[in-house]
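Structure, as structure tokens:
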Amino acid sequence: MSDRQVEIEGGVTRMEAAFGSGDGDEKATAVVAKSQASLGQIFEQKYRPWGGELGPRWMRNYAIFRHHVYGVFTSKGHRQYHPMVRLLILVIFLASLTPIPMLFLSSLIGDEGGFFQKMWGINRYNLWGQALGYFPRNLCMWPLLTAVVVGGMISDDRQHGTSAIYFSRPISRMDYVSMKYLSVAIILGFVIVFSYFAYYTSAIVFKAEGWAYLADTLPIFLGGVLAATILVITYTSIGLALSSISQSRFFAAIGFLSIIYGTKLVSLLVELQFETTFMYAMSPYDCLAHLGQILLGIPSNYDHPVSISVVSLIIMNSAAIWLLVSRVTSLEVTRE
Amino acid sequence: MPEEDTFSEAPVIIAKGLRKMYGPHLALDDVNLEIPRGAVGILGPNGAGKSTLFKCLLGLITTTSGEGSVLGLDIRTQGEQIRSRIGYMPEYNSLDPNLFAIDHVRYAGELLGMNSRHATQRAHEVLEYVGLKDQRYRKIETFSTGMLQATKLACALVHDPDILICDEPTNGLDQRARKFMLQTLDRTVREGNRSVLMSSHVMDDVQELCDRIVMIHKGKIVIQSDIGDLVEQVDKEVEMVIWGGASKMEAELDSLGLQTRRLGRVIRVKVEDESTIENALKAAVSADVQIRQMKEYEPDLEDIFLLVMDKLGSQIKSTEDLLTVEHTGGD
């Protein structure tokens, strides 16, 4: 039946009847129910209550931690780290593990006391260098890693006003700042401390060292762990403090690199000009390196006593944490 | 203080002598409030103390003196419990542009202590409720203003709060989005039996949604009442559209001792007694003008607001004076 034969009339469709029971004089139509066009309720708004229970404080804090840490591994559903940032973190992590294949090679070729062993084997100098050596780790790796991780950690909340979604919920400023701090510290710790741990354990495994070796080297190793942990804490404190005072992630990143490299450079110039290492007390890296040398038991290449570096580190961390706390206290809920 | 049942008829918010000072500046001055269940509009010019009041109610700032409770919880000591039961929709943008809407709402739920599975499920529900079902997997940076407002509302509703505090929810919305937002809030009150506390500069929005208003001026509560009761208190007026000399007509009305308000060719005359209309017609004859339309004028919330502000000596000619660049989009 063609469309022309269909009449729309009175809400029903009348169509030509092929076979009728009438006498043929009446208009040959059949009444059929109009097929109800499904106009559809495209959107039916309905309020649905939720009867669940809200979890305790640790669940809220874990949500903040997970949001920031998982984002490094997956971009789906968590804090977004730029793909280049994630790639850089991966490259730094892999670079920090480079001594491990060298140790493997050393054990493979039986290089006992040879070049490989000297360059990458476990000793006080190499353990110090794994965490606190200037080149390449504290020149090219750890500061860059810190800069890209802390960059938007708090400044993004300032920029986008997302602090409101934290503080309008049962999250205290202490929880907020401590979880942000922990997130950064864990990411840095994973690369810096974990790579240090992996380096040490792989040396034992590849060389099939026994308990005696472990007993000999464990105190040195633990000294290094402590030094690396202090490095993570110091870099996190300074980096987050810079992130909290700005709305720009680039400011925090560039600011952090400037502090690390700038103080190092100025101290170096002062040392070259005046032959004193005292100015290194204002360089976070050198204070950490100095403390690390003492903790790992290697001769210090700084003239000033280690206590000055320790006091300097305490002051740097305290000032950074004070700045961080005071800036987070000023984050607004109603407007930023 | 004992916690209140969600369906209780007792006031959801109570404040007694609430006072907040920022240094020498008095932000809230002896605020006494009793807000019942339902939709309540908070009105006041910029700097009146609305945001400070919200912060006090959320337990985010310590009050200088006075006491208050939200859902039976003390605002001075139980801020975290209060914020667990309140959904707050900020006026300003508070969304991470790099996240998908679904992830943002889920995260907002997780920040309240919901487990990830429940938060995800609930995020789907509330995004559908606010009309963003098909945009759930779009990045927030691609959203329009209306969608951003809807996402903020979804974040506030994710845990099914007893009270929803909305700071300028229709800010920057076009007519259609505004209507949908108000309809959604209204449904939350009527169907969900939730309370909505809404601040707005747009009187029509407040009148459309709320049964009751609280007006703040210079940190003081100047009005808290049902809108219907307030409308009855406003003087009755007759509105006339004049053709052929509105100024002459205004002068004639004034000479007859009638109180008038004029906006172009529209003149409103206060109804003093039964002779007012007759006098107005006589004035039209004397002034030799045509009255094209004459009707009883029904006062709205804007009239009430302006009247109150006028009595308080505030230099406000209309509610447009209260709008900032954020409200107008720079227009």
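Structure notes:
- Enumeration of residues in region B:182-216 that are of a type outside the set (Ser, Thr, Tyr), surrounded by 20 or more Cβ atoms within 10 Å (Cβ to Cβ) and over 12 Å from residue B:38 (Cα atoms): B:182, B:201, B:202, B:203, B:205, B:206, B:214, B:215, B:216
- A count restricted to region A:284-321 and to residues that are surrounded by 15 or more Cβ atoms within 10 Å (Cβ to Cβ), free of Cβ contacts under 8 Å to residues at least 40 places away in the same chain and not in a helix (DSSP H, G or I) stands at 3.
- The one condition in (1) in a helix (DSSP H, G or I); (2) surrounded by 19 or more Cβ atoms within 10 Å (Cβ to Cβ); (3) more than 8 Å from chain A (Cβ to nearest Cβ) that residue B:179 fails to fulfil: (2)
- The set of residues in region B:114-155 being among the polar types (S, T, N, Q) and within 10 Å of residue B:103 (Cα to Cα) consists of B:120 alone.
- For the condition in contact (Cβ under 8 Å) with a residue 12 or more places away in the chain and closer than 16 Å to residue B:310 by Cα, residue B:218 qualifies.
- Applying the criterion of at least 2 residues that are modelled with pLDDT of 90 or more and in contact with a Phe, Trp or Tyr (Cβ under 7 Å, 6 or more places away or on another chain) to the helices (runs of 4 or more DSSP H) found wholly in region A:89-136 leaves A:99-109, A:124-132.
- Screening region B:65-100 for residues that are more than 13 Å from chain A (Cβ to nearest Cβ) and of a type in the set (S, T, N, Q) and picking the one that is farthest from residue B:151 (Cα to Cα) gives B:65.
- Test for residue B:268: is it touching an Asp or Glu at 6+ places or on another chain (Cβ under 7 Å) and over 29 Å from residue B:169 (Cα atoms): yes
- Test: residue in region A:322-329 that is of a type in the set (Val, Ile, Thr), more than 14 Å from chain B (Cβ to nearest Cβ), more than 30 Å from residue B:83 (Cα to Cα) and surrounded by fewer than 21 Cβ atoms within 10 Å (Cβ to Cβ): no
- Scanning region A:253-283 for residues that are outside any helix (DSSP H, G or I) and not small (Gly, Ala, Ser) turns up A:275, A:276, A:277.
- Of the residues examined, residue A:141 is one that is away from chain B (no Cβ under 14 Å) and either modelled with pLDDT under 95 or closer than 25 Å to residue A:184 by Cα (or both).
- Test result for residue B:293, outside the structural domain of residue B:47 (by TED's automatic domain parsing) and loosely packed, with under 13 Cβ neighbours inside 10 Å: yes
- Among the residues of region B:185-195, the ones that are within 12 Å of another protein chain (Cβ to nearest Cβ) and either on the phi > 0 side of the Ramachandran plot or under 15 Å from the mean Cα position of the chain (by Cα) (or both) come to 4 in all.
- Of all the listed residues (B:33, B:58, B:53), the sole one being more than 14 Å from chain A (Cβ to nearest Cβ), touching a strand residue (DSSP E or B) at 6+ places or on another chain (Cβ under 9 Å) and within 22 Å of residue B:156 (Cβ to Cβ) is B:33.
- Only residues that are of a type outside the set (Val, Ile, Thr) and closer than 18 Å to residue A:98 by Cα were counted in region A:201-220, giving 4.
- For region B:142-160, the set of residues classified as at the interface with another protein chain (Cβ under 10 Å from one of its Cβ atoms) and surrounded by fewer than 24 Cβ atoms within 10 Å (Cβ to Cβ) consists of B:160 only.
- Here residue B:125 fits the description: at the interface with chain A (Cβ under 7 Å from one of its Cβ atoms), of a type outside the set (S, T, N, Q) and surrounded by fewer than 24 Cβ atoms within 10 Å (Cβ to Cβ).
The values are calculated or read from the model by the stated rules, or taken from the named source; none is laboratory data. Nothing here was measured: the structure is a model prediction, and the numbers come from that model. Ideal geometry is used to build each Cβ from the backbone, glycine not excepted, and the neighbour counts take in all protein chains shown.
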